[in-house]
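**Student:** Here it is, the structure, as structure tokens.
The values are calculated or read from the model by the stated rules, or taken from the named source; none is laboratory data. Predicted, not measured: the structure shown is a model, and the values here were computed from it. Note that we place each Cβ from the backbone using ideal geometry, even for glycine, and neighbour counts take in every protein chain shown. When the accessible area is computed, the model is the full protein with side chains, heavy atoms only, and any ligands, DNA or RNA have been set aside. Shrake-Rupley method; radii C 1.70, N 1.55, O 1.52, S 1.80 Å.
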Amino acid sequence: MNRIRVFSFIVLLGGFSMSAMAVPMASFTLVQLDAINTPGEFRVDVTYDDGDSPSGAGLTFIQLDVSASSANLTAGGTDFSRFSFASSLPASWSFFADADFGIGDSIVTFNVFPPDSATDALLEGLHTVGFLSVDLSGLAPATSATVALALPGQSFGTDAGQENVPGFEPGPNDPFNFFFLGDLGGTVSVNSVDIRTPGGPTNGADVPEPASATLAMLGLAALGRRRRRA
């Protein structure tokens with residue numbers, strides 16, 4: 001979508017003037033590390049575009065939500081303890097509220113506060129947020145599943161945010177002047193990855209068709225007979 005169409009869309013919905021248009025966008029991507037041997041291991045990247053904001057404000061809040069993953073990984077959306085996360089964010093970034101996934105808890109959140117945010121905010125570009133692991137133990141071999149990040153508005157939602165944004169006033173209980181990208185007319189996108197647990201024909205060498213297996217056995221038997229005659 002080109003930037004002019006995005007600007008027009010936000011003018012209609014939010015009543016912003018064209019001169020104030022700066023459309024921040026954060027795209028979260030799950031990158032599967034090894035689909036065959038470790039299908040439950042992912043790198044989590046975020047690509048941030050500040051929308052040509054004159055403030056150059058970076059991201060100071062990251063939230064990951066795995067509630068859109070398939071039911072066989074989440075006990076039907078009630079237990080997220082199969083998931084774990086290791087952050088790759090700068091050391092000044094801390095868990096904002098949720099330290100890890102667990103029973104009934106589908107999100108992890110990170111925040112960097114002033115004064116560290118002045119130097120450690122995520123500026124425009126590609127950043128690795130960390131590594132997501134999904135424990136696939138107990139699932140049958142060659143079980144299909146989907147690992148997915150939820151969009152804002154789905155449960156808590158995967159999201160990102162900024163602080164101290166010029167022209168925006170904080171809420172009465174927000175001393176850090178913090179805003180989700182949606183508050184600023186921005187957008188967040190996510191992806192999903194279909195996986196298959198190790199084992200079975202899809203995670204190793206192809207299993208021959210029954211007819212092929214029979215022919216192979218007959219061939220070995222014939223070879224054995226030839227060798228015995230020699």
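**Student:** Quickly run through segment 60-100 and pick out the residues that are in contact with a Ser or Thr (Cβ under 8 Å, 6 or more places away or on another chain), part of a loop (DSSP other than H, G, I, E, B), among the hydrophobic types (A, V, I, L, M, F, W, C) and more than 14 Å from Val147 (Cα to Cα).
**Tutor:** Trp93, Phe96, Ala97, listed by residue number.
**Student:** Identify, please: which residue in segment 62-78 is open to solvent by less than 40 Å² (accessible area, probe 1.4 Å) and not small (Gly, Ala, Ser) and is, among those, nearest to Leu122 (Cα to Cα)?
**Tutor:** Ile62
**Student:** Among the residues of segment 139-159, which ones are assigned to a strand (DSSP E or B) and either in contact with a helix residue (DSSP H, G or I) (Cβ under 9 Å, 6 or more places away or on another chain) or surrounded by fewer than 17 Cβ atoms within 10 Å (Cβ to Cβ) (or both)?
**Tutor:** Taking segment 139-159 and keeping what is assigned to a strand (DSSP E or B), we get 144-148, 159.
If the condition is that a residue be assigned to a strand (DSSP E or B) and either in contact with a helix residue (DSSP H, G or I) (Cβ under 9 Å, 6 or more places away or on another chain) or surrounded by fewer than 17 Cβ atoms within 10 Å (Cβ to Cβ) (or both), then Ser144, Ala145, Thr146, Val147, Asp159 are the ones that fit.
**Student:** Identify all residues within segment 101-127 that are assigned to a loop (DSSP other than H, G, I, E, B) and either closer than 14 Å to Asp79 by Cα or open to solvent by 10 Å² or more (accessible area, probe 1.4 Å) (or both); write none if there are none.
**Tutor:** Matches in segment 101-127: Phe101, Gly104, Ser106, Phe113, Pro114, Pro115, Asp116, Ala121, Leu123, Glu124.
**Student:** Residue by residue through segment 39-61, note down the ones that are buried (at least 21 other Cβ atoms within 10 Å of the Cβ) and over 25 Å from Val23 (Cα atoms).
**Tutor:** Answer for segment 39-61, where residues must be buried (at least 21 other Cβ atoms within 10 Å of the Cβ) and over 25 Å from Val23 (Cα atoms): Pro39, Gly40, Phe42.
Listed here are the residues, each with its yes/no results for (1) over 26 Å from Phe179 (Cα atoms); (2) in contact with a strand residue (DSSP E or B) (Cβ under 9 Å, 6 or more places away or on another chain).
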| site | (1), (2) |
| --- | --- |
| Leu64 | no, yes |
| Gly76 | yes, no |
| Gly104 | no, yes |
| Leu122 | no, yes |
| Leu132 | no, yes |
| Thr143 | yes, yes |
| Ser155 | no, yes |
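**Student:** Hey, among Leu132, Leu136, which residue is in a loop (DSSP other than H, G, I, E, B), open to solvent by less than 40 Å² (accessible area, probe 1.4 Å) and at pLDDT 95 or above? Lay out the reasoning, then the answer.
**Tutor:** Details: Leu132 fails: in a loop (DSSP other than H, G, I, E, B).
On inspection, the qualifying residue turns out to be Leu136.
**Student:** Another question, if that's okay. What single numbered condition from (1) at pLDDT 90 or above; (2) farther than 19 Å from Leu126 by Cα; (3) of a type in the set (S, T, N, Q) fails to hold for Ser27?
**Tutor:** Single failed check for Ser27: (2).
**Student:** Hey, another quick one. Looking at segment 189-200, is at least one residue open to solvent by 60 Å² or more (accessible area, probe 1.4 Å) and modelled with pLDDT under 80?
**Tutor:** No, segment 189-200 contains no residue that is open to solvent by 60 Å² or more (accessible area, probe 1.4 Å) and modelled with pLDDT under 80.
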